[in-house]
Amino acid sequence: MTAIRCINVCKTYHQGRDEIKALDHVDLAIDEGAFVCVSAPSGGGKTTLLNAIGGLDMPDSGEVWIGDTRIDQLNKGELAELRLRHIGFVFQAYNLIPVLTARENVEFVMEVRGVPSVERQKKSREILQEVGLEDLEGRRPAEMSGGQQQRVAVARAIVTDPSLVLADEPTANLDSKTSEGLMDLFAKLNKDHGTTFVISTHDRRVMAHARRLVKMLDGCIVEDIRQKGT
Amino acid sequence: MNTAGIVMRLAWRNLWRNYRRTIIMLMAISIGAWAMIFMIAMLRGMVGDMIRDGINALPGVVQVHHPDYRDDPSVENLITMPSGEIESVFKEAQIQYFSPRVRVPAIVTSERASRGVTLVGVDPAKESLIQAVGSNIGEGRNLESVDDSGVVIGHRLANKLETSVGKRIVLMSQDRNNEVVDRGYRVIGLFTAKLPAQEEMFVFSGRTVVQKMLGIGDAVSEVAVSGPDYKLVEPLVQEVRQIFNGSEEVLSWQELDEYLSAMMGIIDGFVFVWIVVIFLALSFGLVNTLVMAIFERVREIGLMLALGMRPASILSQIIVESVFLLLIGLAIGNVLAYVTMLMLPAGIDISDLADGMELMGASDVLHPTINVKDIIIVNTFVLFLGVLASLSPAWKASRYEPVEAITKV
Ligand SMILES: Nc1ncnc2c1ncn2[C@@H]1O[C@H](COP(=O)(O)OP(=O)(O)O)[C@@H](O)[C@H]1O
Ligand SMILES: [Mg+2]
């Protein structure tokens, strides 16, 4: 079963007179339960691709399918519903709501979904323990390091047990030990729950975890490597 | 989707995020609310005094006359029901404060001068119950009974006539046959009134003495009726109308004194304009605060939208934040206004100003009056329009494009 399918997806940005092809005729199919790494140098189109898949940004042309829904034709409300119910996000630049504590940030999506508070607490405590932040659950983002914030974001992305996790450079701010731990956690979730992971990175150690490595350059897919499982 | 909890929590925390800005805004709202309530109380107090004094000029929030009396206040137009019967029917109807009077134009003459006045024959016991003008005796004594043959005149009139307590004066009027009747009276007391005109206008004597002088038997020209609150006059008018059953003219003070009731209307308009002006100043501050707050939060609003929160929840977050701000500000403002009222003496002496205001009928002591209805109006108005003013920034926030907010580095 195919979880994600991009057909001939193009996205062009205009910067003054320049045209930047952030996605240039991208064709990509990702199976359910896959563990895919998208790697590219900075500016290669990773974030643009993940945003297109996550229903955050509309491609100029082409089709984006999640399961059997063509999402580039959904309206804003339907897209919001899709993101809320089915996708876990780790964004590259900005992830946490400053006025909420670590635990409240983790619970945010559950709360918007209407999960009862007892269940929210149980799940958020478990997941914070798993990312090693059980002692910091009462802290606000400003009181945590970049790495700790990143782990809170990851915790929020996976706590709802979504069918798809889109993580944009999730290890960018982490030391190697923590990022190893995180990748192990992703791999475990992928194996136990069949969660589909699409992770963008230019970190070689992260790439090493992926069973499939999609390399991009200037908005084009230049290599698509199936690796041995880890 | 039940997002009320998280929306409230976010609104509350965001409110205290830039607490200095919030406190300044709270001060603005509470001072605004305070000013609205306080100014309204002052205006209400001023008008209330004006009306009370006006009614008290010859008191009675309701007055009964012969239908032609107001056109021609002479002895020809008397109430057909004699005063003895009036007393018994009013007692039967359990109306406590009423006073049958004879009231005719007259000329008063002293050894030195003469002037046109209004001669009022009263029952002093009844007048003191409704606190007529003549009951504030500055010198000498008040009338003692319905057949007291002395007169009480105002200080100013005494000066004009160059007379004083103990001296005699002559009052002249007409009887039913247009014959001149006169009688000598001894001045027994001088009254003071808030309005100088009243001190020059009225001359009081015992009712039966005046009736005898005019030869009108037991007839009276007016019945003044008073109630506990001058604003609740309609039921009283109905009751008195029933007693007289259409044979006499029964009018409330509003109908008797169109000037005073017009003042009431003007004050209501004034209060409204005052509220609007203060609110306009407030709303600029409020909208500015919200616009700034939203501008600072572009990214997190984008983040919430990206995670799947509905624009409606973003909108309500901003509105709720504004409601919190307004509610707290209003609460402080109301308490401030209340405390100010408590701290003020029962009346504010404005006699320096009062000379100029006297023409309008204002007295020289102001009694601020808080009116529950005004407070409710002020609070609802500020809250309602405050929310209305917040709608536009809140709407703007809910329309953010999540991807732009998220990817901005
Ligand atoms: N909002 C934007 N406006 C203009 N150019 C953009 C915008 N977003 C991305 N780009 C450009 O598109 C290209 C791809 O960007 P991005 O997908 O963010 O790359 P990556 O995530 O791999 O670093 C880059 O050249 C970037 O400058
Ligand atoms: Mg990127």
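The values are calculated or read from the model by the stated rules, or taken from the named source; none is laboratory data. Please read these numbers as outputs of a predicted model, since none were measured by experiment. Note that we place each Cβ from the backbone using ideal geometry, even for glycine, and neighbour counts take in every protein chain shown. Note: areas computed on protein heavy atoms with side chains; ligands, DNA, RNA excluded. Shrake-Rupley method; radii C 1.70, N 1.55, O 1.52, S 1.80 Å.
Remarks
- When chain B is treated as a Gaussian network with alpha carbon springs shorter than 10 Å, the biggest mean-square fluctuation among B:Ser110, B:Ser205, B:Ser99 belongs to B:Ser110.
- Normalised by residue count, the protein assembly as shown yields a Cα convex hull volume of 222 Å³ per residue.
- Filter on A:Lys76/A:Lys123; A:Lys122/A:Lys191; A:Lys11/A:Lys46; A:Lys21/A:Lys188 - keep pairs with C-alpha separation over 24 Å: A:Lys76/A:Lys123; A:Lys21/A:Lys188
- For segment A:2-226, alpha-carbon Rg and Dmax in angstrom: 17.1, 54
- For chain B, the relative contact order comes to 26 percent (Cα pairs under 8 Å, sequence separation of at least 6).
- Neighbour-limited loop hits for trypsin sites (Lys or Arg not before Pro), segment B:134-239 (at most 15 other Cβ within 10 Å; DSSP other than H, G, I, E, B): B:Arg141, B:Lys167, B:Arg176, B:Lys231
- Summary value for segment A:72-207: 30 percent relative contact order, contacts being C-alpha pairs under 8 angstrom separated by 6+ residues.
- Look at the Cα gyration tensor of segment B:208-247: its axes a ≥ b ≥ c give a/c of at least 1.5 with a/b at or below b/c, and that counts as oblate.
- P(r) tail fraction, segment B:60-253 - alpha-carbon pairs more than 25 Å apart, %: 33 percent
- Applying the Karplus relation 6.51 cos²θ - 1.76 cosθ + 1.60 with θ = phi - 60° to segment A:8-22 yields 3J(HN,Hα) values of 6, 7, 10, 9, 10, 9, 10, 10, x, 8, 6, 10, 10, 8, 6 Hz, where x marks Gly and Pro.
- Full extension of the segment from A:Lys122 to A:Gln227, taken as 0.36 nm per residue of separation minus the current Cα-Cα distance, would add 34.2 nm.
- In segment B:243-347, one over the average inverse separation of all distinct C-alpha pairs is 19.1 Å, which is the Kirkwood hydrodynamic radius.
- Relative contact order of segment A:1-78: 37 percent, from C-alpha pairs under 8 Å at least 6 residues apart in sequence.
- 222 nm mean residue ellipticity, helices alone, for chain B (DSSP H n ≥ 4; -39,500 (n - 2.57); rounded to 500): -18000 deg cm²/dmol
- Cβ-derived FRET efficiency at R0 60 Å, B:Asn371 paired with A:Ala93, nearest 0.05: 0.60
- Cross-link partners of A:Lys177 among aspartates and glutamates (Cα-Cα below 17 Å; sequence separation of 8 or more within a chain): A:Glu130, A:Glu169, A:Asp203
- Estimated FRET transfer efficiency when R0 is 41 angstrom, pair B:Lys167-B:Ser88 (beta carbons, to 0.05): 0.60
- Only Lys, Arg (+1) and Asp, Glu (-1) charged, at Cβ; segment B:60-253 dipole about Cα centre in debye: 720 debye
- Here is the interface size for B with A: some 2500 Å² of accessible area buried, both sides summed, with a 1.4 Å probe.
- Simple spin-label estimate for B:Arg112 and B:Glu296 in nanometres, 7 Å along Cα-Cβ: 7.6 nm
- 5 angstrom amide H check on A:Lys215, placed H, neighbours 5+ away: A:Ser39, A:Val222, A:Glu223, A:Asp224, A:Ile225
- 1.4 Å probe accessible area per residue over segment A:25-160, in Å²: 38 Å²
- Distant-in-sequence amide H partners of B:Tyr97 (H built 1.01 Å from N, under 5 Å): B:Ser226
- Percent antiparallel among DSSP beta bridges (both partners in the protein assembly as shown, rounded to 5): 70 percent
- For B:Lys91, the lysines whose Cα comes closer than 20 Å to its Cα, not counting residues fewer than 8 places off in the same chain, are B:Lys126.
- Mean per-residue shielding of peptide A:95-102 is 5, counting Cβ atoms of other chains within 10 Å of each Cβ.
- Candidate aspartates and glutamates for bridging to B:Lys212, where Cα separation is under 17 Å - those fewer than 8 sequence places away on the same chain excluded: B:Glu76, B:Asp123, B:Asp147, B:Asp148, B:Asp175, B:Glu179, B:Asp182, B:Glu222
- Kirkwood Rh, Cα atoms: Rg over Rh of chain B: 1.23
- Average other protein chain Cβ within 10 Å of Cβ, residues A:114-122: 1
- In loop segments of segment B:99-193 as defined by DSSP, the GluC sites (Glu not before Pro) with at most 15 further C-beta atoms inside 10 Å of their C-beta are B:Glu111, B:Glu144, B:Glu162, B:Glu179.
- According to the calculation over all Cα-Cα pairs in segment A:36-94, the P(r) per 5 Å bin from zero is 4, 17, 29, 25, 17, 8, 1 %.
- From phi via Karplus (6.51, -1.76, 1.60), per-residue ³J(HN,Hα) for segment B:15-21 in Hz, x at Gly/Pro: 4, 9, 5, 9, 5, 5, 4
- For chain A, leaving out every one of the trypsin sites (Lys or Arg not before Pro) that falls in a DSSP loop and has at most 12 other Cβ atoms within 10 Å, the longest unbroken run is A:18-227.
- Stretch gain in nm, segment A:His25-A:Gln73, where the contour uses 0.36 nm per residue and the Cα spacing is subtracted: 15.5 nm
- Overall, the accessible surface of the protein assembly as shown at a probe of 1.4 angstrom is composed of carbon and sulfur to the extent of 55 percent.
- Remark: the B:Lys231-B:Asn288 segment gains 16.3 nm on full extension, using 0.36 nm per residue and subtracting the alpha carbon distance.
- Each Cα pair of segment B:62-154 feeds into the Kirkwood radius, which the Stokes-Einstein equation turns, at 25 °C and 0.890 mPa s, into a diffusion coefficient of 164 µm²/s.
- This model, with +1 at the C-beta of Lys and Arg and -1 at the C-beta of Asp and Glu, gives the protein assembly as shown a dipole about its Cα centre of some 2700 debye.
- Inter-site label distance for A:Glu32 and A:Glu63 at 7 Å from Cα along Cβ, in nm: 1.9 nm
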